[in-house]
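Worksheet: one structure, shown below.
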Amino acid sequence: MPVRPLVALTLLAAATGCSSDRIRSGETPEDYAVRLAADHDAALVVRQLRALEGESGAESALSEEGIISTGYSLLMSGDIEKAYVIQQASVELFPTSSRAWENLGEVAIYVGDSSVARRSLERSIELDSTSGAHWMLDGLAMGIREAAAETEIKSRFEPGESTELMGPYLGQEPPGLTPEVFAPGIVSTRGGHEFSCTFSPDGREFYFNRGYNIYVSYLRDDGWTAPQPADFNSRYLDHEPHITADGSRMLFGSGRPRDGIEGEESYGIWAMERAGEGWGQPRFLFSGMYATTSLNGNAFVTDIFGAAGGGIAVYRPLGEEYLPLERVVGGVNAFRSAHPLIAPDENYMVFDGYGPESVGEDDLYLSVPLADGTWSEPQHLAEISTFGSNMTASLSSDGRFLFYYANHDIYWVSAQILEPYLDRFPRQPGVRLR
């Protein structure tokens, strides 16, 4: 993918004299930067933004948060070339910003420039030892390969517009036992980094993550709508939605402040009750990450704060409340594991983990409950394992398809792929996947 490097200063004199490159009345510096990035390199963007000081046309002053967030939003929407220009400009404008260097490193991974990615991530860590660049740097080779395997199709529709696609599963042709990218150009998009999804029980609403915001598509009379940000997103991390089997509640993870708690410790599972065609106000439910529920109301989560010893754990309902978090015993926690998908009747669990058979960073595994109340040794789902991360599994509301994250996209495959693994264990007569 061609990108414009932070050089070519010889072009500046001619470019800056063009009236179309001046900020327009009412235009924010961030919008101005995006417009410039469409046709110019980062060096020109830097010069033009620095020249804004004292100009009356800008609606607001240039801010570190604004320009960095703008670049990241471009990346998450699949506009990788503009994102690269903006993030290159951000480290020139804010050279001591760890976050600017971290974001430049991330977009360089998408571009496939491992040298820029490494230098940027290392610089981010130099500026802030707690930078999230650590995990990207550790998995740099994997990140480059994952980005290269991502779908090449960019978003084909504007948010909320009709795709004119009818039928279940956003009008997509269902896969068999070979995994396929789900809804390329609609849900899975170039640069979008989509993961973690859930359908409403009637199959007419589909929620998923694109970056760190939850998106939604609706099946209307004229077809499925193109994904748009859900109205309950906050300016904090919101991700990993799950709708209960009866459709009455949605659970999702969020880092929004709660009860006077802010920062990393505020993260947890939030809940919304169904209210007509929408949802009620989000309320904090309990600590943990990636909640899925069974028909009896048990909520399985990743115990990220170690309240029950870490790994995969369960909250069991007691009236309107929940009993204390309880660690799942047995093979489910035989190694580093997370993101549990519990079957509605709890006759199996799919989760991701880094086990001895893992091909990449994380692979999907299956475990079943045993008569003694523990869980079986994990079975490696080799057919859907790739070099990178494979995680955040979920089921379609009818139980026919398994969805999961790989290569920055959402994949789906027939849930029948699990049958050979389930057949390794005794089951009650008639218990089969739908």
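Annotations for the structure displayed:
- Answer from S367, S358, S389, S385 - the residue that is of a type in the set (S, T, N, Q) and at pLDDT 95 or above: S367
- The residues listed here are Y218, Y236; of these, the one that is surrounded by fewer than 21 Cβ atoms within 10 Å (Cβ to Cβ), assigned to a loop (DSSP other than H, G, I, E, B) and touching a Lys or Arg at 6+ places or on another chain (Cβ under 7 Å) is Y236.
- When we screen A406, A415, A393 for residues that are in contact with a Lys or Arg (Cβ under 8 Å, 6 or more places away or on another chain), open to solvent by less than 20 Å² (accessible area, probe 1.4 Å) and aliphatic (A, V, I, L, M), the only hit is A415.
- Condition check for G373: open to solvent by less than 40 Å² (accessible area, probe 1.4 Å) and modelled with pLDDT under 95: no
- In the stretch 233-247, the residues that are within 13 Å of W279 (Cβ to Cβ) reach residues that are assigned to a loop (DSSP other than H, G, I, E, B) and modelled with pLDDT of 95 or more with C-beta atoms within less than 6 angstrom, at least six apart or across chains, in these pairs: I243/S200; G247/S200; G247/P201.
- Sole residue being at pLDDT 85 or above and surrounded by fewer than 15 Cβ atoms within 10 Å (Cβ to Cβ), chosen from S120, S129, S155: S129
- Flag if Y218 is aromatic (F, W, Y) and touching a His at 6+ places or on another chain (Cβ under 6 Å): no
- Residues in the stretch 255-274 that are surrounded by fewer than 17 Cβ atoms within 10 Å (Cβ to Cβ) and modelled with pLDDT of 95 or more: E273, R274.
- R316 meets each of the listed conditions (1) in contact with a Leu (Cβ under 8 Å, 6 or more places away or on another chain); (2) farther than 18 Å from D345 by Cα apart from (2).
- When S397 is tested against the conditions (1) in a loop (DSSP other than H, G, I, E, B); (2) out of contact with any strand residue (DSSP E or B) (no Cβ under 8 Å at 6 or more places or on another chain); (3) closer than 27 Å to G171 by Cβ; (4) not charged (D, E, K, R), the lone failure is (2).
- For first residues located in the stretch 328-353 and under 21 Å from S196 (Cα atoms), partners that are among the aromatic types (F, W, Y) and assigned to a loop (DSSP other than H, G, I, E, B) and lie 6+ apart or on another chain with Cβ distances below 7 Å form the pairs R336/Y354; G353/F335.
- Of the residues making up the stretch 344-367, those that are surrounded by 22 or more Cβ atoms within 10 Å (Cβ to Cβ) and either not aliphatic (A, V, I, L, M) or not in a strand (DSSP E or B) (or both) number 8.
- Contact map, the stretch 63-89: residues that are free of Cβ contacts under 8 Å to residues at least 40 places away in the same chain paired with residues that are small (G, A, S), Cβ distance under 6 Å, separation 6+ or inter-chain. Pairs shown: E64/S97; I67/S90; I68/S90; I68/A100; G71/A83; G71/S90; Q87/G71.
- Extreme residue, farthest from the chain's Cα centre (by Cα), among residues of the stretch 72-123 that are under 26 Å from Q228 (Cβ atoms) and not in a helix (DSSP H, G or I): D79
- Residue-level check: of (1) open to solvent by less than 70 Å² (accessible area, probe 1.4 Å); (2) more than 24 Å from D363 (Cβ to Cβ); (3) of a type outside the set (F, W, Y); (4) touching a residue at least 12 places away in the same chain (Cβ under 8 Å), E146 misses just (2).
- Of the criteria (1) among the small types (G, A, S); (2) in contact with a helix residue (DSSP H, G or I) (Cβ under 8 Å, 6 or more places away or on another chain); (3) assigned to a loop (DSSP other than H, G, I, E, B), which one S129 fails: (2)
- Test for G310: is it in contact (Cβ under 8 Å) with a residue 24 or more places away in the chain, buried (at least 16 other Cβ atoms within 10 Å of the Cβ) and part of a loop (DSSP other than H, G, I, E, B): no
- Test: residue in the stretch 164-186 that is of a type in the set (D, E, K, R), surrounded by 17 or more Cβ atoms within 10 Å (Cβ to Cβ) and at pLDDT 90 or above: no
The values are calculated or read from the model by the stated rules, or taken from the named source; none is laboratory data. Just so it is clear, the structure is predicted and the values come from calculations on it, not from any experiment. For neighbour counting, all protein chains shown are included, and Cβ atoms are generated from backbone atoms with ideal geometry for every residue, glycine included. These accessible areas exclude ligands, DNA and RNA; they are computed on the full protein's heavy atoms, side chains included. Shrake-Rupley method; radii C 1.70, N 1.55, O 1.52, S 1.80 Å.
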